[in-house]
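Notes follow once the structure below has been shown.
The values are calculated or read from the model by the stated rules, or taken from the named source; none is laboratory data. Since this is a predicted model, take the numbers as computed values, not measurements. Neighbour counts run over all protein chains shown; Cβ positions are idealised from the backbone, glycine included.
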Amino acid sequence: MFERTWRHPYVPSYYPEVGAPCLLSVDPARRAEWLDAVYSDQTLLTKVVQVPMSRALRPGSYPSLVSSATLPSLVLTMLEELDVAEDCRVLEIGTGSGYSSALLCERLGSECVTSVDIDPELVDLAGERLAANGYTPTLAAVDGEGGYPAGAPYDRIVATCSVPAIPAEWLEQAAHGAVIVVDVRGRIGGTLARLTVDANGAATGRFLPLCSSFMWLRHTEDPALPEPYLWPDGEPVDSFTLVDPALMRDWLFAFVAQWHLPAVTWGITTDDDGRPSIHLTGQDGSTAIVRNNRVGRGHHVTQQGPRRLWDSVEQAYEFWQDAGQPSFEQFGITATATEQHVWFDNPESEHRWRLPAPTSTQLSSRADEQRSRA
């Protein structure tokens, strides 16, 4: 499948980095550089959206990466985990360049492949590239959260985007025994999960033992604006911690910690003395700033707002240590249309963390809208 499907027709241009000029296949002076990049094992940035002048003065407004061509080794891993068989009907969320769609068409035939993306331009370009190479899958420019009911039920669902929980519409459109491969994560970091759907429409599975992350699934063609910053209420509370804040840079620990920190992001900031600090921010205005440099009693912590975010990190650290620093594949997900959990070790474990799920009203309205588009 990979040997018979070239990558370069689907990536005729890419950005070496956000803000850099686009490198084009038609530039004879750099064609060798372009080909080397296309056939190397790396993710290539394929669409960057500049911020309109009306938004340019808002905090955090900068060119937004909205699409990329996933590194081939990860594409291969995802398709291997998908474990497609003859006559499998596949729904791909995130058409992007069209390369993954081409691989699926080569393996199964175009009639078995449906791919959707929120961006009409990406869908149109992918359709042209696919057709030029003899592939004609069903393509649609729709919100991927709603799946594509016109082609359901699907035996396999694969997504090249991150979701905070398995969309209920995917479960509704999945056949009994269907496999779903998707990056499920909180706001700190995640990795791919592989789930199997049972006869009742519930999906259960485990995370895969690798580090990977995708762009968030978008619900509009335009990239989302940065969330407004909420200044925390109340007086700041100072303390010291023995948990090294540098652990938040460790992919595995951050993956574990995020389940203890719902709706929380993190970043690296510099304090007034020029020293680096870890900064946690919650959607409710809670904050925690932890200095990287350790003093006699540990690392200095300042917390403010309705939640003590670093206390939750310490709880996550205590769990992680007691559990023997478990890896990704020791965690799993159980997902229904109304309730979803991440669990440790087994689905009945006492260590369970609730994931967000849409309400039934939201589900009905989105499904109706999707059917009208189809």
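Select, from ILE289, ILE278, the only residue that is more than 25 Å from THR191 (Cα to Cα) and in a strand (DSSP E or B).
That would be ILE289, the only listed residue that is more than 25 Å from THR191 (Cα to Cα) and in a strand (DSSP E or B).
A count restricted to the range 299-318 and to residues that are farther than 13 Å from LEU247 by Cβ and not β-branched (Val, Ile, Thr) stands at 11.
So that you can scan it fast, the table gives a plain yes or no per residue for (1) farther than 26 Å from ALA202 by Cα; (2) of a type in the set (Asp, Glu); (3) crowded, with 21+ Cβ neighbours inside 10 Å:
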{"site": "SER97", "(1), (2), (3)": "yes, no, yes"}
{"site": "LEU125", "(1), (2), (3)": "yes, no, no"}
{"site": "ARG156", "(1), (2), (3)": "no, no, yes"}
{"site": "GLU172", "(1), (2), (3)": "no, yes, no"}
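Under the condition of being more than 17 Å from the chain's Cα centre (by Cα) and either under 15 Å from SER213 (Cβ atoms) or in a strand (DSSP E or B) (or both), the residues counted in the range 258-268 number 2. Taking the condition of a type outside the set (S, T, N, Q) and in contact (Cβ under 8 Å) with a residue 60 or more places away in the chain, does ILE268 pass? Answer is no for this residue. Looking only at the range 27-38, residues that are over 24 Å from the mean Cα position of the chain (by Cα) and under 24 Å from TYR135 (Cβ atoms) come to 2 in all. Would you mind stating whether THR220 is within 19 Å of LEU76 (Cα to Cα), modelled with pLDDT under 95 and β-branched (Val, Ile, Thr)? The answer is no for THR220.
Scanning the range 1-26 for residues that are hydrophobic (A, V, I, L, M, F, W, C) and under 25 Å from the mean Cα position of the chain (by Cα), we see that the one that is nearest to GLU106 (Cα to Cα) is PHE2.
Every residue, every condition in (1) under 27 Å from ILE188 (Cα atoms); (2) out of contact with any Lys or Arg (no Cβ under 9 Å at 6 or more places or on another chain), yes or no:
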site: GLU81; (1), (2): yes, no
site: SER110; (1), (2): no, yes
site: ASP119; (1), (2): yes, no
site: LEU122; (1), (2): no, no
site: ALA131; (1), (2): no, yes
site: PRO137; (1), (2): no, yes
site: TYR148; (1), (2): no, yes
site: VAL158; (1), (2): yes, yes
site: ILE166; (1), (2): yes, yes
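Cβ-Cβ distances below 9 Å connect the following pairs, each with a first residue in the range 1-28 that is without any contact (Cβ under 8 Å) to a residue 60 or more places away in the chain and on the phi > 0 side of the Ramachandran plot, a second residue that is outside any loop (DSSP other than H, G, I, E, B) and surrounded by 13 or more Cβ atoms within 10 Å (Cβ to Cβ), and a separation of six or more residues or different chains: GLY19/VAL48. Annotation note: of PRO326, PRO306, the sole residue that is outside any helix (DSSP H, G or I) and more than 21 Å from LEU280 (Cβ to Cβ) is PRO326. Kindly evaluate THR196 against the criterion of being modelled with pLDDT of 90 or more and hydroxyl-bearing (Ser, Thr, Tyr). Against the criterion (modelled with pLDDT of 90 or more and hydroxyl-bearing (Ser, Thr, Tyr)), THR196 qualifies. In the range 332-346, the qualifying residues are those that are within 20 Å of ALA263 (Cβ to Cβ) and touching a helix residue (DSSP H, G or I) at 6+ places or on another chain (Cβ under 8 Å), and the one that is surrounded by the fewest Cβ atoms within 10 Å (Cβ to Cβ) is THR338. When ILE188, ILE166 are screened for being crowded, with 24+ Cβ neighbours inside 10 Å and part of a loop (DSSP other than H, G, I, E, B), only ILE166 passes. Taken over the range 285-310, residues that are out of contact with any Asp or Glu (no Cβ under 6 Å at 6 or more places or on another chain), surrounded by fewer than 16 Cβ atoms within 10 Å (Cβ to Cβ) and at pLDDT 90 or above amount to 1.
Taking the numbered list (1) in a loop (DSSP other than H, G, I, E, B); (2) modelled with pLDDT of 95 or more; (3) under 20 Å from LEU217 (Cα atoms) in turn, GLY134 passes all entries but (3). Among the residues of the range 298-333, those that are of a type in the set (A, V, I, L, M) and in contact with a strand residue (DSSP E or B) (Cβ under 6 Å, 6 or more places away or on another chain) comprise VAL301, LEU309, ILE333.
Does TYR14 count as closer than 24 Å to SER212 by Cβ, surrounded by 13 or more Cβ atoms within 10 Å (Cβ to Cβ), modelled with pLDDT of 95 or more and not β-branched (Val, Ile, Thr)? Spelling it out, it is not the case that TYR14 is closer than 24 Å to SER212 by Cβ, surrounded by 13 or more Cβ atoms within 10 Å (Cβ to Cβ), modelled with pLDDT of 95 or more and not β-branched (Val, Ile, Thr). Considering only residues that are more than 25 Å from GLU314 (Cα to Cα) and aliphatic (A, V, I, L, M), look in the range 223-262 and name the one that is modelled with the lowest pLDDT. For the range 223-262, the residue satisfying everything is LEU225.
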